[in-house]
Each structure stands twice: as structure tokens, then as C-alpha cells.
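Note sheet for the following structure.
The values are calculated or read from the model by the stated rules, or taken from the named source; none is laboratory data. In this text, all values refer to a predicted model and were calculated from it rather than measured experimentally. All Cβ positions, glycine included, derive from the backbone under ideal geometry; neighbour counts span all protein chains shown.
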Amino acid sequence: MKNIFIFLIIAGSVLYSQKLKFSGEIKQASLVKCTGDNIDSAWLNDIALKVNDNSYFIFGFDRDDSIKYTLKVKYLNNAFITKEFKPRKVEIQNITTIISKIFVVYQLLVGIQKRIDY
């Protein structure tokens, strides 16, 4: 009974240490920071990612990405985790809309200034 209890504690700690935490959205034109415990190395579509001493690594996506990505993470105990994802599309803003909004605000400010000057 004691051996089973010790085995469950060890197995639970190994499984717990293999969680990945993502900071950032998995979408086009974004940067994602990933962390976990005891990460040895990581690959994104077979391209090696640099993992620092605190088990952090960063990857990102181009604005026009449309392919599926495979993230493969190797832990110090030689266990592997593989995650597949496809960045979701981002709505591309039209610059003429932004400029027209800025121009409207500028016209309001100029109008207010003219009223103050008179």
C-alpha cells in the first residue's frame, strides 16, 4: 500500500510539471510567451526555439499566416508534449477609416480653438 501511495505522488508530480502556460493570443500578428516547469527544449514546426534557464520561450506569428503549427516541447525527464494550433485571423483595419476619424477629431479641436480665440 505504501509503494502505491509513493508511486501516485511521483506520477502526479511528473504530470503536474508537464503543464504549459501561454501568455498572449494565438492569432496572426501576435507574440506568445510560453512557460512550464523543467522544459529542456521546444520546436515550432521543427524550428528550434530558444528556452531560457527559467523554462520560458517565445514565438510569434506573421500577419498573413494561414498554416497549421505544431509545437513540440521536451522536458528534462525526456517526456514530450505536442500541441497543434492554427492562428485565427485578425481583422485588418483600413487606414483610411482611421485617418478620417482622426481628421474629424482634429476639426472639432480646431473649431473649439477658434471659438476660444474670438
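I'd like the residue in the stretch 54-76 that is in contact with a Lys or Arg (Cβ under 6 Å, 6 or more places away or on another chain) and part of a strand (DSSP E or B) and, out of all such residues, is surrounded by the fewest Cβ atoms within 10 Å (Cβ to Cβ).
It comes out as I58.
A quick yes/no check of all residues on (1) within 24 Å of K21 (Cβ to Cβ); (2) at pLDDT below 90:
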{"residue": "D65", "(1), (2)": "yes, yes"}
{"residue": "K68", "(1), (2)": "yes, yes"}
{"residue": "V73", "(1), (2)": "yes, no"}
{"residue": "N78", "(1), (2)": "yes, yes"}
{"residue": "R88", "(1), (2)": "yes, yes"}
{"residue": "N94", "(1), (2)": "no, yes"}
{"residue": "I102", "(1), (2)": "no, yes"}
{"residue": "Y106", "(1), (2)": "no, yes"}
{"residue": "V110", "(1), (2)": "no, yes"}
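I'm told K21 meets every condition in (1) of a type in the set (K, R); (2) assigned to a loop (DSSP other than H, G, I, E, B); (3) at pLDDT 80 or above except one. Can you identify the failing condition by its number?
Looking at each condition in turn, K21 falls short on (2).
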